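Here's the structure, in structure tokens; my notes come after.
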Number of protein chains: 2
Amino acid sequence: MHALDIATRVWNHKWKIDPIVRSLIDNDFYKLLMCQSVFHNKPDTQVAFSLINRSKSVRLAELIDEGELREQLDHIRSLSLTRGESTFLRGNTFYGKRQMFSPEFMTWFENLRLPPYHLEKRDGQFELTFEGTWAEVTLWEIPALAVLMELRGRAVLDRMGRFELQVLYARALTKLWEKIERLRGIEGLRIADFGTRRRHSYLWQDRCVQAMIEGLGNAFVGTSNCHIAMKRDIEAIGTNAHELPMVYAALADSDAELARAPYDVLSDWHRDHDGNLRIILPDTYGTKGFLDRAPDWLTQWTGIRIDSGDPAKGAEIAIDWWKSRGEDPREKLVIFSDGLDVEKIIELHKRFTGRVKVSFGWGTLLTNDFRGLTPEDSLAPFSMVCKAVSAEGRPTVKLSDNPRKAMGPEDEITRYKRVFGVGEQEAMEVVV
Amino acid sequence: MHALDIATRVWNHKWKIDPIVRSLIDNDFYKLLMCQSVFHNKPDTQVAFSLINRSKSVRLAELIDEGELREQLDHIRSLSLTRGESTFLRGNTFYGKRQMFSPEFMTWFENLRLPPYHLEKRDGQFELTFEGTWAEVTLWEIPALAVLMELRGRAVLDRMGRFELQVLYARALTKLWEKIERLRGIEGLRIADFGTRRRHSYLWQDRCVQAMIEGLGNAFVGTSNCHIAMKRDIEAIGTNAHELPMVYAALADSDAELARAPYDVLSDWHRDHDGNLRIILPDTYGTKGFLDRAPDWLTQWTGIRIDSGDPAKGAEIAIDWWKSRGEDPREKLVIFSDGLDVEKIIELHKRFTGRVKVSFGWGTLLTNDFRGLTPEDSLAPFSMVCKAVSAEGRPTVKLSDNPRKAMGPEDEITRYKRVFGVGEQEAMEVVV
């Protein structure tokens with residue numbers, strides 16, 4: 001009894017493309033928080049963000065048509081905040097706080113269009129760069145990644161039959177549900193969707209969120225995706241990321257300023273946010289050194305997010321640090337968010353529950369685990385990021401707790417290692 | 001971009017129930033062929049059909065609400081042939097023949113409503129009986145079975161969450177596709193959907209047919225379901241069934257007439273049909289004896305359908321019979337249709353290809369293989385039939401090649417065994 005809705009069909013004719021990103025808030029919540037922070041604290045800083053495909057074997061420029069990529073990026077540049085989206089951001093309570101976004105920021109955001117992009121092909125890869133005011137450029141990161149991941153997926157899906165597609169999604173859904181069934185009923189589990197950037201597609205991410213809502217109930221605490229949070233009436237989740245210390249560090253005029261930069265970031269954040277938003281991301285220039293040199297007010301923060309290196313080791317370092325500063329780790333929150341999948345989540349939950357409060361940000365292997373579902377794993381997610389590569393013309397540097405995630409010019413990496421006292425690091429495979 | 005079609009939604013409000021059978025030709029094609037044959041050859045014969053649930057452990061009357069069952073059956077009684085369905089039956093070419101259905105039959109069919117039913121509960125089971133003119137009553141068999149199987153399924157599905165349901169169907173679809181992938185590319189395979197009667201649901205059967213179309217291409221030769229054949233523009237498949245010899249036999253006034261009855265059936269059929277419709281169903285009273293005593297004109301028929309007993313043994317008997325009558329088995333067709341699944345299909349195809357023409361009617365384990373997908377296998381198909389139990393007040397008898405499929409009063413079974421010379425039979429488990 002399914003009647004064809006002719007109006008919808010005709011309306012669809014108007015699209016020249018099937019847009020991948022259809023809303024400015026189809027973006028991670030923490031990007032908006034950081035955007036506001038930058039808008040207030042560093043309104044004039046000029047930056048460049050670049051796409052970096054760490055998976056060299058995935059030759060994106062051979063898989064994806066440049067014209068299609070441009071159409072998708074151009075479409076994103078045509079988006080602006082809708083009235084409903086603005087109302088949602090202005091009126092919603094985030095982390096128990098009303099008016100998270102200031103009226104000045106909202107007025108600016110309502111008038112925002114994303115700045116231009118630069119796109120070239122080189123050596124089978126796309127060189128995709130965004131330059132301009134930090135607060136504007138920063139919002140490109142997530143949609144740019146989502147567009148590239150989905151266009152690569154579409155290139156594979158285009159070759160499949162209609163029923164073959166149905167079966168592909170049936171298998172992916174089954175796989176997803178089997179994961180959720182394994183997590184179901186784990187006492188005290190708290191888990192969020194962090195999978196926007198490298199998702200299979202918007203619809204698939206939304207499907208994953210629906211699965212988490214039904215399968216995990218209260219153990220599912222929300223999604224990083226603002227648009228899905230709005231649509232599904234759930235919590236938008238996220239705090240801050242490496243780009244803040246990376247840009248602050250690049251702006252430093254001396255080694256002394258450089259050494260202080262990561263703490264300046266958190267000092268600005270401390271002034272603007274409280275409670276669950278006070279989460280330390282300590283690994284940009286080495287977790288151990290960062291914590292050893294941290295000022296005392298940071299020990300009062302709610303928790304620490306572990307985003308590189310061996311996560312268990314990172315959490316032990318955090319626990320030791322809290323203890324050494326006279327804090328009770330059981331009152332503190334550890335958020336794991338790096339390359340998680342079910343096994344790792346269960347293992348970490350078991351190991352740390354009771355010792356600290358534990359929470360998980362489950363990303364790519366939640367929203368894009370199409371591994372093993374197509375020949376030659378042509379739909380498996382791969383490791384691609386979009387990072388601030390320079391600020392005011394100076395290169396940025398990231399060391400991370402995993403040298404394979406490090407970035408920046410070699411001489412600058414050497415300098416940063418010296419300034420932050422980073423010694424030997426354990427190299428770990430980067431899956432996604 | 002999916003807009004709500006308000007008109008459809010409002011139209012759906014008008015249904016008090018969600019009808020399981022929505023068309024008089026949501027029925028097996030061979031029922032229509034037999035109906036026409038009965039309409040012409042035995043227009044006045046009064047019969048009774050009864051539901052027989054061979055799976056006593058499935059206590060249908062405890063799973064299914066009697067009121068809901070009545071609503072579904074009442075809905076079927078409200079159906080009549082639509083103009084489009086009539087045009088399809090009158091205008092279509094079946095088995096290469098136009099005007100398969102006579103104008104007299106079509107006029108009668110266009111005015112038909114199904115006759116009343118008698119429903120009682122006894123001992124956890126439904127006693128469901130249909131009495132009246134054979135040509136009318138016969139059309140109840142398939143919809144009655146489909147309604148009971150689907151209502152039992154709905155009782156299980158009602159307790160499941162929305163996403164849990166999505167996953168259930170995802171798993172079923174994956175299972176279906178994996179079967180089809182195993183059949184794909186088998187040289188010379190010919191296979192049809194015979195799964196209307198014990199299907200999971202109409203929509204699921206239709207989905208299975210779509211999968212076969214995409215997955216098997218020309219190896220998929222059609223469906224027994226008239227409505228789906230019309231909707232998907234594919235061949236409607238089927239010939240004749242046990243009810244013809246069973247009723248003819250019950251009408252016999254002497255042992256001599258009884259012995260002749262199965263051949264009288266085929267003699268009538270021979271007059272009315274040719275080509276691929278001349279398929280012998282030899283097992284009603286034992287395949288071996290039936291073939292040994294068969295008149296010579298039967299050896300000219302196109303093929304034999306094997307519907308009980310060990311299928312390989314049945315096919316060997318058929319091959320020996322053709323050889324003994326001077327026929328070349330390689331010119332003959334053997335149709336396997338009893339409890340098939342992929343393993344059996346592959347095995348039989350391998351064994352008989354090159355020796356005879358082989359074709360498969362894949363039934364319940366195509367359209368209702370939900371085994372292993374729910375706890376306690378609550379959606380697994382079970383063995384339920386709806387059979388002619390009497391004609392003109394006399395009980396019918398079926399012996400079959402598997403004594404577990406035999407039916408009728410004990411003294412009559414003894415008499416039939418004597419008349420048809422049936423000795424020891426091998427008992428085999430009846431799955432579906």
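Each reported figure results from applying straightforward, stated rules to the coordinates on display, with no laboratory input. Since the model is a prediction, treat every value here as computed from it, not as a measurement. Every residue, glycine among them, receives a Cβ derived from its backbone with ideal geometry; neighbour counts consider all protein chains shown.
At a glance:
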{"item": "Amide hydrogen neighbours beyond the local backbone of A:R305, cut-off 5 Å, H modeled", "result": "A:I280, A:L281, A:I335"}
{"item": "Environment charge at B:A61 (Cβ cut-off 10 Å; Lys +1, Arg +1, Asp -1, Glu -1)", "result": "-3"}
{"item": "Packing-based order for B:136-142, B:175-181, using average beta carbon neighbours within 10 Å, highest first", "result": "B:136-142, B:175-181"}
{"item": "Relative packing of peptides B:165-172, A:304-311, B:212-219 - highest average C-beta neighbours within 10 Å first", "result": "A:304-311, B:165-172, B:212-219"}
{"item": "Per-copy distances of the A:L203 label point, shortest first, in nm (7 angstrom along Cα→Cβ)", "result": "1.6"}
{"item": "Sum of side-chain charges, B:P103 neighbourhood, beta-carbon under 12 Å (Lys, Arg +1; Asp, Glu -1)", "result": "-1"}
{"item": "Gap separating the Cα centres of region B:82-97 and region B:148-183, nearest whole Å", "result": "32 Å"}
{"item": "Other protein chain Cβ atoms within 10 Å, averaged over every residue that makes up A:158-165", "result": "3"}
{"item": "Among B:I317, B:A48, B:L251 the positive-end extreme of the charge dipole of chain B (Cβ point charges)", "result": "B:I317"}
{"item": "Cα-based reach from A:K97 at 25 Å (exclusive), listing lysines while leaving out same-chain residues under 8 positions away", "result": "A:K31, A:K42, A:K231, A:K332, A:K357"}
{"item": "18 Å Cα-Cα reach of B:K56 towards lysines, excluding residues that sit fewer than 8 places from it in its own chain", "result": "B:K121, B:K387, B:K405"}
{"item": "Cut-off under 5 Å, modelled amide H: who pairs with A:Q125 long-range", "result": "A:A61"}
{"item": "Across the identical copies, how the A:R122 labels are spaced - nm, sorted shortest first, 7 Å along Cα→Cβ", "result": "8.6"}
{"item": "Quarter of the Cα convex hull surface for chain B, i.e. its orientation-mean projected area (nm²)", "result": "21.3 nm²"}
{"item": "Under Karplus coefficients 6.51, -1.76 and 1.60, residue-wise ³J(HN,Hα) of region B:109-126 in Hz, glycine/proline x", "result": "5, 4, 9, 6, 10, 5, x, x, 10, 10, 10, 9, 9, 8, 6, x, 10, 8"}
{"item": "Relative contact order of chain A, pairs being alpha-carbon contacts under 8 Å that are 6 or more residues apart, as %", "result": "21 percent"}
{"item": "Amide hydrogen neighbours beyond the local backbone of B:L81, cut-off 5 Å, H modeled", "result": "B:L112"}
{"item": "Spatial separation of Cα centroids for region A:384-410 and region A:283-345, in angstrom", "result": "21 Å"}
{"item": "Relative contact order computed over region A:167-367 (Cα-Cα under 8 Å; 6+ residues apart), in percent", "result": "24 percent"}
{"item": "Using a 7 Å Cα-to-Cβ projection, B:E164 label spacings across copies, nm, ascending", "result": "3.5"}
{"item": "Kirkwood Rh and Cα Rg combined as Rg/Rh, region B:167-367", "result": "0.99"}
{"item": "Unit charges on C-beta of K, R, D, E only; dipole of chain A, Debye", "result": "860 debye"}
{"item": "Label-zone membership for region B:402-425, site B:K56, 7 angstrom Cα→C-beta point, backbone N under 18 Å", "result": "B:403-410"}
{"item": "Mean ellipticity per residue at 222 nm, deg cm²/dmol - from DSSP H runs of n ≥ 4 across the protein assembly as shown, formula -39500 (n - 2.57)", "result": "-13500 deg cm²/dmol"}
{"item": "Cβ neighbours within 10 Å from other chains - mean over A:172-181", "result": "4"}
{"item": "R0 of 45 Å, Cβ-Cβ distance A:A312-A:E120: FRET efficiency to nearest 0.05", "result": "0.60"}
{"item": "Shielding of A:207-213 by partner chains, average beta-carbon count, 10 Å", "result": "2"}
{"item": "The protein assembly as shown - charge dipole about Cα centre, Lys and Arg +1 at Cβ, Asp and Glu -1, debye rounded to 20", "result": "180 debye"}
{"item": "FRET efficiency, 1/(1 + (r/R0)^6) with R0 22 Å, evaluated for A:E178 and B:E376 via beta carbons", "result": "0.70"}
{"item": "Three-way shape call for the protein assembly as shown based on the alpha-carbon gyration tensor, with the a/c threshold at 1.5", "result": "prolate"}
{"item": "DSSP beta bridge pairing in chain A, given as percent antiparallel to the nearest 5", "result": "55 percent"}
{"item": "Ordering of B:419-429, A:199-209 by packing [mean C-beta count within 10 Å, highest first]", "result": "A:199-209, B:419-429"}
{"item": "Per-residue HN-Hα couplings for region B:228-245 [Karplus 6.51, -1.76, 1.60; θ = phi - 60°; Hz; x = Gly/Pro]", "result": "5, 4, 5, 5, 9, 6, 10, 6, 8, 10, x, 10, 8, 9, 4, 4, 5, x"}
{"item": "Debye, to nearest 20: dipole size of region B:221-271, +1 on Lys, Arg Cβ, -1 on Asp, Glu Cβ", "result": "320 debye"}
